[in-house]
Amino acid sequence: MRLSQYFLPTLRDDPNEAEIVSHRLMLRTGMIRQSSAGIYSWLPLGHRVLRKIEQIVREEQDRSGAIEMLMPTIQSADIWRESGRYEDYGKEMLRITDRHEREMLYGPTNEELITEIFRDSVKSYRDLPRNLYHIQWKFRDEIRPRFGIMRGREFLMKDAYSFDLTEQGARESYNKMFVAYLRTFERLGLKSIPMAADTGPIGGDLSHEFIVLAETGESQVFCDRDLIERSAPGEDIDYSADLTSIIEDWTDKYAATEEKHDPKRFEAEVASESRMSARGIEVGHIFYFGTKYSEPMNCKVQGPDGKLVAVQCGSYGIGVSRLAAAIIEASHDEDGIIWPDSVAPYRVALINLKAGDEETDAACEDLYGKLENAGIDVLYDDTDERAGAKFATMDLLGLPWQIIVGPRGLKQGEIEIKRRATGERQSLTPEAAFKRIVDTV
RNA sequence: CGGGGCAUAGCGCAGCCUGGUAGCGCACCUGCUUUGGGAGCAGGGGGUCGCAAGUUCGAAUCUUGCUGCCCCGACCA
């Protein structure tokens, strides 16, 4: 993409209303614009990031055996009456009346809808287990939206729903999602820690929040330092195998959010040098809820013995739009964003230090064409801004690599590449620079 | 929802107290000079001063009502 042709309204100053760093940077880099309280438009740059995150989430869901679909944003109140949640959900649910005075709502979640679909289509245990997911916009009319995209009212969420015949089966489905989440967050360049969460009326040990560590995170978390060193299972993970040992490995150390923190247990279980207190952001939540919806909504299948049984269910959320902010919270410096390679809106910033100079233009055009042909996303600053302004803007945008081309270097037959994360620079011939970048993909 | 604050150009702000031609910085446009870390000079464009009513010869400024947004708290992917 040529910057001269792009839509990238950056801001030099911090907007007054932006309190946290991700909100400030998202506004300044022209990723988002507020539309009303807690509701945002995603401008081209932000949209690219959102799509990249979404794609990684999708790939890991697919790998785990979950099946993608798409449910609507608007739902009928009827199914929410069936589950009994229509009254329970309160004012957080945005209620809408259509022209025929039918009661509708903008979905804050989809348990009811997926349960209705499933019960109408599946009658036999032979069609279990299944895990269905979608990536769709949700709306929760938060009392106080804040922190930009981080706690907006409208947000993009991946939500998966598992259906099993037995509790044991449900536990296996749960474990698959657990592992898929570890892989997802790692691919997004984040350190995530699963923490036991409230299980609600069902009880048991099957609910975890996935917390990303970031200095500016909104909740206080306490854990064993060992957990930070763990890495997620590799691509070759076999989801049909027993995953219990992996889960145990990740849950045998102390980890709790402020709400569930027990200082006495913390001190008893964790050696003082391993005790860690940090800030975190909740980016995922998984839980098993058994027949909470299948029972009242009559979602039953015939078992091998011919008897009807209510299906065992769980649901699994990832805040896709929130992740964009969480990644920035976890990865930035005083100059701007530092995108992990996997979600960067463009991999390379190509900086023409003297647009209009024949030799410089030619060198840039050549590189730009080669990079594009190699399938590498490149944002080419072909404007006639001054060098300093270009550097500042590109540092702000935080693309992983900068290729800096100017007449001075070209006289020696060299251009410069810079790694945004470290600031490390290297002078190379254009050919070597191209090869260097291609090799990192 | 309780408490606090703000609303003047795309962004950041001054002007309001003490009513009288709407201003500054950044951004934007034109020209000249400049050109490897947010350039300089000159010229220029852009504002129903959140909305409505009131007071007044005259309201960004005073009064009342409303709306929007932000911050703190309880709640949350």
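For the reader, a short list of remarks on this structure follows.
- Value of Rg to Rh for the range A:155-308 (Rh from inverse mean 1/r over Cα pairs, i.e. Kirkwood): 1.01
- Relative counts (whole %) of C-alpha pair distances in the range A:299-402, using bins that are 10 Å wide: 13, 29, 22, 11, 8, 8, 6, 3, 0
- The range A:324-399: trypsin sites (Lys or Arg not before Pro) in DSSP loop, at most 13 other beta carbons within 10 Å: A:Arg386
- The GluC sites (Glu not before Pro) of the range A:1-81 meeting both criteria, a DSSP state outside H, G, I, E and B (loop) and at most 14 other C-beta atoms within 10 angstrom of the site's C-beta, are A:Glu17, A:Glu19.
- Cα gyration tensor category, rounded, prolate or oblate, for the range A:72-211 with a/c compared to 1.5: oblate
- Sites listed here are trypsin sites (Lys or Arg not before Pro) in the range A:119-215 whose DSSP assignment is loop and whose Cβ has at most 16 other Cβ atoms within 10 Å: A:Lys123.
- Bridging of A:Lys411 to lysines at a Cα separation below 17 Å is possible for A:Lys354, once same-chain residues fewer than 8 apart are set aside.
- Whichever aspartates and glutamates have a C-alpha closer than 13 Å to that of A:Lys158, once near sequence neighbours (fewer than 8 apart) are set aside: A:Glu54, A:Glu59, A:Glu60, A:Asp62, A:Glu68, A:Glu111
- Placing one equal scatterer on every Cα of chain A and applying the Debye formula, the log10 ratio I(q)/I(0) at q = 0.06, 0.09, 0.10, 0.14 Å⁻¹ is -0.31, -0.66, -0.80, -1.29.
- Scattering profile of the range A:1-155 at q = 0.13, 0.20 Å⁻¹ [log10 I(q)/I(0), Debye over alpha-carbon scatterers]: -0.81, -1.27
- Look at the alpha carbon pairs under 8 Å that are at least 6 residues apart: their mean separation over the length of chain A gives a relative contact order of 16 percent.
- Shape category assigned to the range A:183-253 from the gyration tensor of Cα positions, a/c cut at 1.5: oblate
- Structure note, pairs A:Lys176/A:Lys260; A:Lys191/A:Lys418; A:Lys123/A:Lys176; A:Lys52/A:Lys435; A:Lys191/A:Lys260; A:Lys260/A:Lys292: Cα-Cα distances above 22 angstrom occur for A:Lys176/A:Lys260; A:Lys191/A:Lys418; A:Lys123/A:Lys176; A:Lys52/A:Lys435; A:Lys260/A:Lys292.
- Debye, to nearest 20: dipole size of chain A, +1 on Lys, Arg Cβ, -1 on Asp, Glu Cβ: 580 debye
Just so you know, all these numbers are worked out from the coordinates, no wet-lab data involved. Model, not experiment: these values are computed from the prediction. We place every Cβ from the backbone using ideal geometry, glycine too, and count neighbours over all the protein chains shown.
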